[in-house]
1. Is it the case that the range 446-457 has a residue that's within 22 Å of the chain's Cα centre (by Cα) and either surrounded by fewer than 24 Cβ atoms within 10 Å (Cβ to Cβ) or modelled with pLDDT of 80 or more (or both)?
2. Quick check on the range 420-445: of everything there that is under 19 Å from residue 103 (Cα atoms) and in a strand (DSSP E or B), which residue is farthest from the ligand (Cβ to nearest atom)?
3. For the range 53-68, which positions are within 14 Å of the ligand (Cβ to nearest atom) and surrounded by fewer than 20 Cβ atoms within 10 Å (Cβ to Cβ)?
4. So, of the residues in the range 232-242 that are over 12 Å from the mean Cα position of the chain (by Cα) and part of a helix (DSSP H, G or I), which turns out to be surrounded by the most Cβ atoms within 10 Å (Cβ to Cβ)?
5. Within the range 402-419, take every residue that is surrounded by fewer than 22 Cβ atoms within 10 Å (Cβ to Cβ) and outside any helix (DSSP H, G or I) and give me the one that is modelled with the lowest pLDDT.
6. Do we find that residue 346 is more than 15 Å from residue 323 (Cα to Cα) and free of Cβ contacts under 8 Å to residues at least 24 places away in the same chain in this structure?
7. I'd like to check something: does the range 43-59 contain any residue that is out of contact with any helix residue (DSSP H, G or I) (no Cβ under 6 Å at 6 or more places or on another chain), in a loop (DSSP other than H, G, I, E, B) and at pLDDT 90 or above?
8. Take residue 429 and tell me if it is under 21 Å from the mean Cα position of the chain (by Cα), at negative phi and surrounded by fewer than 19 Cβ atoms within 10 Å (Cβ to Cβ).
Ligand code: AMP
């Protein structure tokens, strides 16, 4: 079967950071892929980084310890400490299945990458010829199907790319461990080439299954399956894909689910994907989403109308302590309009949403990461997986559709132990949504005002009944609304 081509929505480049080749997504993707890899550091070339003792105590291989040392990690974060401890047994072999809830920004990517990479390294050391090579006798294909040993699935392309980047950092001292990142919106040919000899594949489900069904990829040798942002993956939107991946990787030895949030119904679904229906699963709960993001200052500003919200945003964006910011919009249209509006007001702002082609999305994220743009105006497509430590502020200009997305959005700031600010603007008619967010996060967001921009109106009288019935529950919104919102 030929791979399906993803629908490509037309998106205009509206910022100089998009560069002269803004419309040529494939060229950009090629440039990114063919960028020279960081040279391997050897004893002769440079002194090896330190091997952090606290990581060594977890039984990790030297190659990984050097990488962790080079990244400047001196101690495992709590989620790493516990997850690695359970994922590997005392002999450093494959341990329990895991279901881990841990706040965004807590270091959970390394928490699943390190044990998986450790086992891959071990397998390689024990049997150097065991590298996944595809079938050399199959002469019909230019490329033999890739046969990865580990698979990480993520709900968004941006998250998959971020995880793959982290994995590449962690294998920089390893020989023979190749990482492939398989996401929609990029050229198929290049991805098939990238898959060759890949031991670890990080993927979004749609493209992964396309490549599997077209014979470019075989999943029956997968030993580890990691589901990142599992709450969204198990949610109805990805249920079919996840069920297919579950079947295709039925020979696996370990399954790990990671998420900031694990609602009880999602936990039940997760158990179905675990070995023996979750009979041996180890649950690790570090900081649930409901616990305070201690390093993120949260404020709520009531506004009388859209114009008032825009004035408040303007006031905030001119604050001297803003390094970089993400402004979340509710819909793609609002996202485009607001980015344009901010550009016209003189801000260095670009939009990012799911209707843009992947090349443009990548370029805009890179521009943010490289500090070429200050403000990213985004839909919830950016609510997960963006890890840019210089994001000092997150603004909720349009509220999220689901209360839990509030947690993911604000987790884009205050990364890696830094301080961050999350500022939410809400109109009076959004009162119910705010109550649902507060109910979900089990904390009140402190209400603040800007002198001269105080709201004139007041709250709508409270309705009776528990919050969450319309907004905060786990039901999917109507598909049409969902499509626009990302
Ligand atoms: P994550 O939750 O995986 O997205 O990680 C959030 C941030 O924490 C990333 O910038 C990581 O590089 C950083 N990080 C992860 N583990 C550690 C560690 N042990 N020490 C310091 N920073 C870390």
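The values are calculated or read from the model by the stated rules, or taken from the named source; none is laboratory data. Owing to the predicted nature of the structure, the values given are computational and were not obtained by experimental measurement. Neighbour counts are summed over all protein chains in view; Cβ atoms, including those assigned to glycine, are modelled from backbone coordinates with ideal geometry.
1. No, the conditions are met nowhere in the range 446-457.
2. Restricting to residues being under 19 Å from residue 103 (Cα atoms) and in a strand (DSSP E or B), the top hit is 423.
3. Correct list: 53, 54, 56, 57.
4. Across the range 232-242, the extreme among qualifying residues is 234.
5. 418
6. So residue 346 passes the test.
7. Yes, the range 43-59 has at least one match.
8. Spelling it out, it is not the case that residue 429 is under 21 Å from the mean Cα position of the chain (by Cα), at negative phi and surrounded by fewer than 19 Cβ atoms within 10 Å (Cβ to Cβ).
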